[in-house]
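Here's the structure we're looking at; comments come further down.
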Amino acid sequence: MKIGLLTGGGDSSAINAAIRAVVRKALDEHYEVVGIMQGWRGLVENMMEPLTMRSVSGILHSGGTILGTSRTNPFKIDNGVDRVLENLKAHSIDALVVIGGDDTNGVAHRLAEFGVKCVGIPQTIDNDLPGTDYSIGFDTAVEVACDALDKLHTTASSHHRIMILQVMGRDAGWIALISGIAGGADNILIPEIPFLLEEVVERIEMRRRLGKEFSIIVVSEGAKPLGRQEQFTASERRDAFGHARLGGVGNWLAGELEARTGYESRITDLGHVQRGGSPTVFDRVLATRLGVQAVEMVKNGAFDQMACMCRNELNSIPYSEALAGIKTVDMQFYEMAMLFY
Ligand code: F6P
């Protein structure tokens, strides 16, 4: 058995921990592993190298991915799928383990129609893949966001300002919700629920009446005010999966809140800081478990499926279910957070 391993889409911490686990478990099963560089691009352009015990030594705690990543979509490239199939054959690769979010795993699912055997590992800081409680990278991102909120709190209260923290989260507000609860945010704005500016202003005014002369707001990049059709974008360009680069909601909000409340308002866009650095203990262990599980799935012939973890138990879920939609924020959880505004 020869496994091809690739990492695609936006990176996050703990991907290397998953790579290490796949390689270690595969070698334990006496399988060969070949690393495919730069996500699906490596399969289109034939960029591969063997992965050994040595290649994965010392990477458990490091962020990023030793294989590199890209947002390449073979289905959007002339002869892209044919080239993928040729390269798989040329390297005698029997099965692929694919680490990524919905786009990367979506390609794997479509390739099943062409006879390619794939197993997925959920990896996205957005934590929006259905069928798994957690995706690799989310916990570390939340830790980074919570740390930022703690730091913003002190300067907000010293200056009597509104501090807005813009975090990632294209269609699901998990990072905003969990970091906002842990960091004591006074408003959490998420893509799932268009917000009413007047309500945000009212909460700030309520705090003023209580003698609290500052507010902390955490907003997902994909959030928008009620009545606005489009998300705020930082650029017109779209990637190979049709996604625009999001950005701007925090700045817009700062302008509006400053004008309406008189408080100076400042925005911190956490950006890609959320995706880097050393992974948390939780992410390292999750990545390790999912990596081992993915090789078990290859061994058992559980293809066209994604490894997952629900209620702390490892399992697998058909791609047709894992890619059927987006795991949005639990509304009961969100409403609980509002108790603390
Ligand atoms: O898909 C995960 C994600 O982190 C999104 O939350 C964000 O919109 C996007 O990646 C940003 O990606 P890029 O690295 O292309 O700027």
*Using 18 Å as the cut-off for backbone N distance, which residues of region 124-159 belong to the label zone defined by a point 7 Å from the Cα of residue 313 along Cα→Cβ?*
131-134
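I need the per residue convex hull volume for region 139-276, using only the alpha carbons, in cubic angstrom as a whole number. Intermediate results must be reported in sequence, preceding the final value.
Details: hull volume 14.3 nm³, N = 138.
Convex hull volume per residue, Cα atoms: 103 Å³.
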*In the chain, carbon and sulfur make up what percent of the accessible area (probe 1.4 Å)?*
48 percent
*Which Cα, out of 229, 336, 270, lies furthest along the positive dipole direction of the chain (beta carbon charges, K/R +1, D/E -1)?*
270
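Can you work out the accessible area per residue across region 139-276, with the rest of the protein chains kept in place, probe 1.4 Å, in square angstrom? Provide the component values of the computation, followed by the final result.
Numbers: 6050 Å² over 138 residues.
With the other protein chains kept in place, region 139-276 gives 44 Å² per residue.
Using a cut-off of 15 Å between beta-carbons, work out the net charge of the residues near residue 120 (Lys and Arg +1, Asp and Glu -1, residue 120 not included). Provide the component values of the computation, followed by the final result.
Working: positive: 110, 117, 289, 327; negative: 102, 103, 128, 296, 304, 321.
It works out to a net charge of -2.
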*For the chain, what are the per-bin percents of Cα-Cα distances with bins 20 Å wide, up to the bin holding the maximum?*
32, 51, 17, 1
*Do you know the Lys pair count in the chain for C-alpha distances under 20 Å, with sequence separation 8 or more or different chains?*
11
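Among DSSP beta bridges lying fully in the chain, give the percent that are antiparallel, nearest 5.
On the way: 12 of 44 bridges.
If I count the DSSP bridges inside the chain, around 25 percent turn out antiparallel.
Could you order the peptides 296-309, 161-174 from most to least packed, using the average number of other C-beta atoms within 10 Å per residue?
Numbers: 296-309: 19.9, 161-174: 25.5.
Going from most to least packed, we get 161-174, 296-309.
Once the convex hull of the C-alpha atoms of region 39-81 is built, how many Å³ does it hold per residue, rounded to a whole number? It would help to have the intermediate numbers written out before the result.
On the way: hull volume 3.0 nm³, N = 43.
Cα-based convex hull of region 39-81, divided per residue, equals 70 Å³.
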*Point-charge dipole on Cβ atoms (K/R +1, D/E -1) for the chain, about Cα centre, debye to 20*: 520 debye
*In deg cm²/dmol and to the nearest 500, what is the mean residue ellipticity at 222 nm of the chain if only DSSP H runs of at least 4 residues count, each as -39500 (n - 2.57), divided by the residue total?*
-11500 deg cm²/dmol
*When the chain is treated as a GNM, springs tying every alpha-carbon pair under 10 Å, which of 54, 71, 238 comes out with the largest mean-square fluctuation?*
54
*Label-reachable residues, region 157-172, where backbone N falls under 16 Å from a point 7 Å from residue 212's Cα toward its Cβ*: 157-165
_Could you tell me the calculated FRET efficiency between residue 157 and residue 326, based on Cβ-Cβ distance and R0 = 30 angstrom, to the nearest 0.05?_
0.25
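The values are calculated or read from the model by the stated rules, or taken from the named source; none is laboratory data. These numbers were taken from a predicted model, which means no experiment stands behind them. Cβ coordinates were reconstructed from backbone atoms using ideal geometry, including for glycine residues, and neighbour counts include every protein chain displayed. When the accessible area is computed, the model is the full protein with side chains, heavy atoms only, and any ligands, DNA or RNA have been set aside. Shrake-Rupley method; radii C 1.70, N 1.55, O 1.52, S 1.80 Å.
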